[in-house]
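What follows is a set of notes on a single structure, which appears directly below.
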Amino acid sequence: RISCFCGYKTKETRANAKAYIPCHIGGILLYAITTFGYVISPNFLFLMLFKALSGLALCMITSGGCSIVADLTGNQVAKGLTTLMTVQMVSGLFAPSLGITLGTRIGYRLLYLITSVGFLFAIPFTAGIIGITGQYRCFFF
């Protein structure tokens, strides 16, 4: 099995990665839609509904991402998952204070609109990594 050091995937890895595409990219798309729902929500009830759906989307992104990393790193699954979880942990440490600062300066609706557009731009980037194009780049190793 060819690892991500070579930059190409074998047929086996490409077939497994295709199984994660609906979960991971669907989660990114659902999160972008629900985050845009924060912007257009007319009341608190709809805001909480979109918040619950965004939690589902984040679960899809996390499980799909972990599966992709585990599949693509081969023998170094522990190293790949540790790197992924470290990035998520560090972003989780800084996100609340950054969100509060930006939210008070530009408003929460504009902040969520920027987040939604950012996640829409992440779809082609993620698709290139996990194999829709047949190639991927491994940034962590």
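The values are calculated or read from the model by the stated rules, or taken from the named source; none is laboratory data. Here the structure is a predicted model, which means the values were calculated and not measured. Don't worry about glycine lacking a Cβ; one is built from the backbone with ideal geometry, like all the others, and counts go over all protein chains shown. Side chains included, ligands, DNA and RNA excluded: accessible areas come from the protein's heavy atoms. Shrake-Rupley method; radii C 1.70, N 1.55, O 1.52, S 1.80 Å.
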Taking a 1.4 Å probe, which of Thr86, Thr35 shows the most accessible area, and what order do the others take after it?
Thr86, Thr35
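What FRET efficiency would be calculated for the residue pair Met85, Phe44, taking the C-beta separation as r and a Förster radius of 35 Å, to the nearest 0.05?
Details: r = 33 Å, r/R0 = 0.94.
The calculated FRET efficiency here is 0.60.
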Starting from the Cα gyration tensor of the stretch 26-92, multiply each eigenvalue by 5, take the square root, and state the resulting semi-axes largest first in whole Å.
31, 11, 7
Based on the Cβ-Cβ distance of Arg105 and Val77, what FRET efficiency does E = 1/(1 + (r/R0)^6) give at R0 = 35 Å, to the nearest 0.05?
0.25
